[in-house]
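The values are calculated or read from the model by the stated rules, or taken from the named source; none is laboratory data. Since the model is a prediction, treat every value here as computed from it, not as a measurement. Because the Cβ atoms are built from the backbone with ideal geometry, glycine has one as well, and the counts that use them run over all protein chains shown. In case anyone asks, the SASA skips ligands and DNA or RNA and just uses the protein heavy atoms, side chains included. Shrake-Rupley method; radii C 1.70, N 1.55, O 1.52, S 1.80 Å.
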Amino acid sequence: MSDPSTAENLAHAGATDPMIKAAIAAERQRCIDRVLTYAALRDQAAVNLDKAAAGSGPEKPSEGAAERVRAQADVARDIARFLGEEANA
């Protein structure tokens with residue numbers, strides 16, 4: 001049995017190249033969607049922390065908790081934006 005030639009390897013790589021690119025694009029989009037979901041959850045957590053801070057219950061969030069959560073959401077959106085830009089580059 002002989003090893004495949006370089007030309008055969010290149011021909012095979014060329015045939016699968018669109019499939020690989022499609023798989024990478026799909027995975028990138030899945031990651032972007034997950035990061036944006038995380039950002040939305042962080043936004044909701046910030047709203048909940050604001051409500052808890054305004055309430056009269058015995059357990060109140062620490063000062064700045066909502067701001068930290070909002071910052072996490074902003075970072076997540078920045079990451080999603082970066083991943084989207086890399087896909088278009």
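In region 18-32, the residues that are in a helix (DSSP H, G or I) reach residues that are of a type outside the set (D, E, K, R) with C-beta atoms within less than 7 angstrom, at least six apart or across chains, in these pairs: 25/87; 28/83; 28/87; 31/83; 32/80; 32/83; 32/84. With modelled with pLDDT under 95 and open to solvent by less than 60 Å² (accessible area, probe 1.4 Å) as the only criterion, which of 87, 73 stands out? Unique residue meeting the criteria: 87. Within region 49-89, the residues that satisfy the criterion of being among the small types (Gly, Ala, Ser), assigned to a helix (DSSP H, G or I), closer than 30 Å to residue 29 by Cβ and out of contact with any Leu (no Cβ under 9 Å at 6 or more places or on another chain) are 71, 84, 87. In region 45-65, the count of residues that are at negative phi, of a type in the set (Asp, Glu), at pLDDT 95 or above and surrounded by 13 or more Cβ atoms within 10 Å (Cβ to Cβ) is zero.
Determine whether residue 41 is closer than 30 Å to residue 22 by Cα and open to solvent by 90 Å² or more (accessible area, probe 1.4 Å). Against the criterion (closer than 30 Å to residue 22 by Cα and open to solvent by 90 Å² or more (accessible area, probe 1.4 Å)), residue 41 qualifies.
Applying a threshold of 8 Å to beta carbon distances and a minimum spacing of six or more residues, or different chains, the list of pairs starting in region 34-54 at a residue that is more than 15 Å from residue 81 (Cβ to Cβ) and ending at one that is of a type in the set (D, E, K, R) and not in a helix (DSSP H, G or I) reads 52/59; 52/60; 53/60.
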